[in-house]
Structures are given as C-alpha cells and as structure tokens.
Amino acid sequence: MAKIVVENLVKIFGDHPDKALKLLREGRSKDEILDKTRQTVGINDVSFAVQEGEIFVLMGLSGSGKSTLLRCINRLIEPTSGKIVLDGEDITGVDESELREIRRKRLGMVFQRFALFPHRTVLDNVAYGLEVQGVDRDVRVEKARAVLEMVGLKGWEDYLPGSLSGGMQQRVGLARALVSDPDVLLMDEPFSALDPLIRRDMQDELLSLQSQVNKTIVFVTHDLDEALKLGDRIGLMKDGVIVQLGTPEEILTRPADEYVRRFVEDVDMTRVLTAEGVMKPAETVALKDGPRVALRRMKERGTSSLFVVTRDRKLAGIVTADDALAAAERNDEDLSRIVRDDFPRTTPDTSISEIIPVLADCRFPVAVAREDGKLLGVIVRGSLLAGLVRKDEAAWN
C-alpha cells in the first residue's frame, strides 16, 4: 500500500506563478519560462508513490529540486499545483491547524544542520516536540529516554549539544524526529555535514534502526553511494524532474539516458549488485532420492556436487560425487547420511563484494536461499563473472 502519493506536483518560485504555470503546461522549458516571466520552476510535474516501510531516496545535484520536493511533502514549501496524498488523504488542502497536527504526529523531519537548542540538554531537545504537544513531563521524559537508548545515546541525556560530536548531534536530531512515533520520516541530507567515516557509521545506524522501527522514509542526498546503500528505490532528479525512478540495480544496469549513465559510470558494481542479480538456477537432487540418482544427475550436468533440497525446496545441504559413489558402493540408499553442511550460503540481497572472497576460498558454489531456507539459486565463479560482464554491457549499450 502506498503511504505517500505525489501527483503532478509543480512548484514555481516567484511573484506570478500562474503565468509560469501556463507556459509550463504548454511544454515550455525551465529556461524559457525564466526568460519570459522571471519565475523559477523548482518542481516540474512530478509524480511518484512511496510504499509503507520503504526507504525512498531523492537524489540529484545541487539545484535539481530534491530538497524542494521533500519540503513540499510536509508543506514547509507550498506547492503551486498538484497533490500530496498521505494515507489516502490529500493534505495539500488542509488548513494550518490540521497541518500542524500532521507535522507533529505523522511526519518527522531531520535536517542537514542539526538545529538543536544549544541551551537545552540532549534529553530536553529530544522531548521538545512532545512538550509543544502538551504531553506531561514525566511521559515525555520517559519516551525521550527510550528513543535516546534506541539511537545509542543512553548516558548522554544531561549533556548540552555542544559537548557532542557531529555524529552524536545528528543522532539527537534523529531521536527528536522519532520521539513522537511518526509514520513518515523526511530526511534532508542529514549526513552530508559529517566526516566520511562518521557518515558511513550513521548510514549503518539508520539501516539498523529501520529494521527495528520500519518507518516510511523519504531521504534526500546528492551522494550516489549513499543513495545506493540506503534506498529501496531511488528517484534521480534533474531540473525539477525525476529523470529515472527505480531500484539501485535498475538505475545502475538500465540507465534511462546519458545523464544517468554519466551519474553512475564510476560506481563499483561489486558493491551494489546483489547475489540475486548474478545467481543461476540451482541443479538439485531431492532428499528422498538416493546416491545413485545423485550420481546420475551429476554426470548429466557435468558437475561434482549437487545441492540437496526437501519436497518444498528448502535447502538441506550438499552432496559430493565422492561421497555419493562411496555410498552407492556400500549399497547405502539413504542420501541424508552423506549430506554435508560445510558449504557457503547467502541471502539474495547480499552484495557481490561480500561473496567474492567467499568463492575464492571455497571449493563449493555459494547457495542463495531466502530466510525461510528456500533455495533460490547458486553462484559459481563463472556465473558471477558472467553476471558482472552482462550488467556492465547492459549499462553502456
């Protein structure tokens, strides 16, 4: 279900947006409209949906419109036309009183600059939103302490923000956004002011936190690596338009135009492509089958091992040709006696960079299985290299 739906959103900056809007609908370019009306098109007829629990990344260079679009969602910037629908409700038409309630309880905001009150303690900074809502002090302190522990700042409640590092201050900002338990987090380049190492730590922290709280997140960044790491889907923006919307792998392997190609050309594909993208179908034998069946199937497929699965395709282990031959020679018909579990396995969303060293040190293929144990495919050295070549060729053809 879509948590947020943006429909035909337009934002024009200037004193006479109606003139510019008319020209925009006639198909005039952003530069033409600026020349004729002195009005600036910030967002140009943008539509997209964000699913519940999704991290949706808006990415682009400075001036692409990504922060403007984010701030239109909670109407910190008022759209010129179009709709913003939250949980089925069009919030572009609500009055100021309703909008305040939506911002306080349903939309949390994390800014690039931490915007903390320097004279308030960490605890009081986090509890501020609840204080504005009129929540009893004991209740808001309890909630603020719980959220500070969640973001790793237990023990820092009584310090002033100036005593904290940049990364810690941003954790305070994140805790402040979370304390009212909003459905949606809007994050405007929250890590861009941090040192690279701290920035990576905060990205990891956000992913870990998301696994606990499962919020719907709209995240703005100009950094491609950050977008690829965090985003379930990415909207790549230019001149107020989303030029491509898709998963990280779709944007890397099927860029929509030359602009996107140039954007992604220096990406290390092994860090982004996943096991699911390069795996091949698994040659298997059923647990109910015997060693002779396994041997025959290995001979037909020219392999020295097979993965063993249950009736419902759950991964039971691996059997080798040597073990199957020895069992057949002693007339042992029970395949379960020779099934091994000393083989590498991974999940479909594991990056290729993590799989390469595993393949280098193991004589067996890597099994790709879901969390419930169902076998999806296998990765061997050949399929991994071939997959990388295919993705690279697809990206540039």
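GLN210 meets the conditions (1) at pLDDT below 90; (2) assigned to a strand (DSSP E or B); (3) of a type in the set (S, T, N, Q) in every case but one. The failed one is (2).
Kindly indicate the residue of segment 68-115 that is assigned to a strand (DSSP E or B) and among the aliphatic types (A, V, I, L, M) and also farthest from ASP45 (Cα to Cα) among those meeting that condition. For segment 68-115, the residue satisfying everything is VAL110. Determine whether GLY167 is in contact with a strand residue (DSSP E or B) (Cβ under 8 Å, 6 or more places away or on another chain) and either in a helix (DSSP H, G or I) or closer than 14 Å to ALA115 by Cα (or both). So GLY167 does not fit the description; no. Could you check, for segment 274-286, whether at least one of its residues is touching a residue at least 12 places away in the same chain (Cβ under 8 Å), surrounded by 16 or more Cβ atoms within 10 Å (Cβ to Cβ), within 20 Å of ASP334 (Cβ to Cβ) and not hydrophobic (A, V, I, L, M, F, W, C)? The answer is yes; a qualifying residue exists. Any residue in segment 35-43 that is at pLDDT 90 or above, under 28 Å from the mean Cα position of the chain (by Cα) and under 23 Å from LEU21 (Cβ atoms)? For segment 35-43, residues at pLDDT 90 or above, under 28 Å from the mean Cα position of the chain (by Cα) and under 23 Å from LEU21 (Cβ atoms): present. Being small (Gly, Ala, Ser) and either closer than 15 Å to GLY235 by Cα or part of a strand (DSSP E or B) (or both) is the filter here; which residues of segment 2-17 pass it? Within segment 2-17, ALA2 is the sole residue that qualifies. It is to be established whether one or more residues within segment 116-126 are of a type in the set (Val, Ile, Thr), buried (at least 18 other Cβ atoms within 10 Å of the Cβ), in contact (Cβ under 8 Å) with a residue 40 or more places away in the chain and assigned to a helix (DSSP H, G or I). Yes, that holds for at least one residue.
Please find, among LYS215, LYS238, the residue that is basic (Lys, Arg) and either surrounded by fewer than 20 Cβ atoms within 10 Å (Cβ to Cβ) or farther than 26 Å from ILE102 by Cβ (or both).
Values: LYS215 fails: either surrounded by fewer than 20 Cβ atoms within 10 Å (Cβ to Cβ) or farther than 26 Å from ILE102 by Cβ (or both).
One residue alone meets the criteria, LYS238.
Of all residues being surrounded by fewer than 18 Cβ atoms within 10 Å (Cβ to Cβ) and not in a loop (DSSP other than H, G, I, E, B) in segment 49-67, which is farthest from the chain's Cα centre (by Cα)? Just the residue, please. Per the criteria, the residue is ALA49.
Taking the listed residues GLY246, GLY290, the one that is within 30 Å of ASP223 (Cα to Cα), surrounded by 14 or more Cβ atoms within 10 Å (Cβ to Cβ) and not β-branched (Val, Ile, Thr) is GLY246, with no other qualifying. Filtered by the rule that a residue be over 17 Å from VAL57 (Cβ atoms) and not in a helix (DSSP H, G or I), segment 172-193 gives VAL179, SER180, ASP181, PRO182, ASP183, ALA193.
Using the structure shown, decide if ASP334 is touching a helix residue (DSSP H, G or I) at 6+ places or on another chain (Cβ under 7 Å), free of Cβ contacts under 8 Å to residues at least 60 places away in the same chain and of a type outside the set (Val, Ile, Thr). It would help to see each step written out before you state the result.
Values: touching a helix residue (DSSP H, G or I) at 6+ places or on another chain (Cβ under 7 Å): no; free of Cβ contacts under 8 Å to residues at least 60 places away in the same chain: yes; of a type outside the set (Val, Ile, Thr): yes.
Taking the combined requirement at face value, the residue does not satisfy it.
Scanning segment 128-148 for residues being surrounded by 20 or more Cβ atoms within 10 Å (Cβ to Cβ), of a type outside the set (Lys, Arg) and either over 28 Å from VAL50 (Cβ atoms) or within 25 Å of the chain's Cα centre (by Cα) (or both) gives a total of 2.
Can you pull out the residues in segment 137-154 that are in contact with an Asp or Glu (Cβ under 9 Å, 6 or more places away or on another chain) and either in contact (Cβ under 8 Å) with a residue 40 or more places away in the chain or part of a loop (DSSP other than H, G, I, E, B) (or both)? Of everything in segment 137-154, those that are in contact with an Asp or Glu (Cβ under 9 Å, 6 or more places away or on another chain) and either in contact (Cβ under 8 Å) with a residue 40 or more places away in the chain or part of a loop (DSSP other than H, G, I, E, B) (or both) turn out to be VAL151, GLY152.
Restricting to segment 231-276, name every residue that is within 20 Å of LYS215 (Cα to Cα), in contact with a Ser or Thr (Cβ under 8 Å, 6 or more places away or on another chain) and in a helix (DSSP H, G or I). Those that are within 20 Å of LYS215 (Cα to Cα), in contact with a Ser or Thr (Cβ under 8 Å, 6 or more places away or on another chain) and in a helix (DSSP H, G or I): none in segment 231-276. Across segment 308-324, the number of residues qualifying as surrounded by 15 or more Cβ atoms within 10 Å (Cβ to Cβ) and without any contact (Cβ under 8 Å) to a residue 40 or more places away in the chain comes to 8. Are there any pairs, at least 6 apart or on different chains, whose C-beta atoms fall under 8 Å, with the first in segment 58-75 and within 10 Å of MET237 (Cα to Cα) and the second assigned to a helix (DSSP H, G or I), and if so, which? What qualifies is LEU58/LYS66; LEU58/LEU69; LEU58/LEU70; MET59/LYS66; MET59/LEU224; MET59/ALA227; GLY60/LYS66.
The residues listed here are THR320, THR350; of these, the one that is of a type in the set (S, T, N, Q), touching a Leu at 6+ places or on another chain (Cβ under 9 Å) and within 21 Å of PRO281 (Cα to Cα) is THR320.
The values are calculated or read from the model by the stated rules, or taken from the named source; none is laboratory data. Bear in mind that the values here come from a model prediction, so they are computed numbers and not experimental data. All Cβ positions, glycine included, derive from the backbone under ideal geometry; neighbour counts span all protein chains shown.
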